[in-house]
């Protein structure tokens, strides 16, 4: 089976290992994912497999997406994602489950981080604050961002306030500590990007 799957982040908990250690883990509802397309280098210019995940109603997806899923014999599914160079021996219509992963394997998890809106430099970049007494008006201001007449501009890359979060993030080197095929659950050591119920991509790392 291929070492990649789509999953939904359910939340975090803790479990005891056989040696008595307490592990903090993220629980992922991984699959089952249907193979809705297979890309080949001869026909498409690259090798990839397309997986679909997350049952939904027909009214929540476009007619083009619905027709594409019907061509693969799949029911209405909300999330469709291609995984490049991980096609393996999969064929259209097959199903990928958590049984493709084993405890102890290293994976990388990609998802969209929690959006925190427009934030200042203290929260966004960890700047130090200014003095808060004796009439200070520079408690959380960023301070100087450049010189005056020379160079008469602000250099690119200066850290400042702005949008924080809501970016694609990949967490690498996570270890699978538990697999439950009956409930389609993966338990991964540590945290993964995104809020609860967010959809993430799980691939083998390395």
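Rg and Dmax of the range 1-152, based on Cα coordinates, read 24.2, 72 Å. Averaging Cα coordinates gives a centre for the range 131-194 and one for the range 26-55; these two points are 31 Å apart. The overall shape of the range 117-206 is prolate: from the C-alpha gyration tensor, with semi-axes ordered a ≥ b ≥ c, the ratio a/c is 1.5 or greater and a/b exceeds b/c. Taking a point 7 Å from the Cα of residue 123 along the Cα-to-Cβ direction, the residues of the range 151-168 with backbone N closer than 16 Å to it are 160-167.
Taking 0.36 nm per residue of sequence separation and removing the Cα-Cα distance, the residue 167/residue 22 pair yields an extension gain of 49.1 nm. Annotation: the residues 44, 19, sorted from fewest to most other C-beta atoms within 10 Å of their own C-beta, follow the order 19, 44.
Which of rounded, prolate or oblate describes the range 1-77 when judged by the alpha-carbon gyration tensor and an a/c cut-off of 1.5? Provide the component values of the computation, followed by the final result.
On the way: a/c = 4.08, a/b = 1.80, b/c = 2.27.
Since a/c reaches 1.5 but b/c is at least a/b, the shape of the range 1-77 is classed as oblate.
Ratio of the range 33-96's C-alpha Rg to 2.2 N^0.38 Å, to two decimals?
Working: Rg = 11.7 Å, N = 64, 2.2 N^0.38 = 10.7 Å.
Relative to the rule-of-thumb radius for its length, the range 33-96 sits at 1.09.
All of the numbers you see were taken from the coordinates with simple rules; none came from a lab. Given the structure is predicted, the values throughout are model-derived calculations rather than measurements. Neighbour counts run over all protein chains shown; Cβ positions are idealised from the backbone, glycine included.
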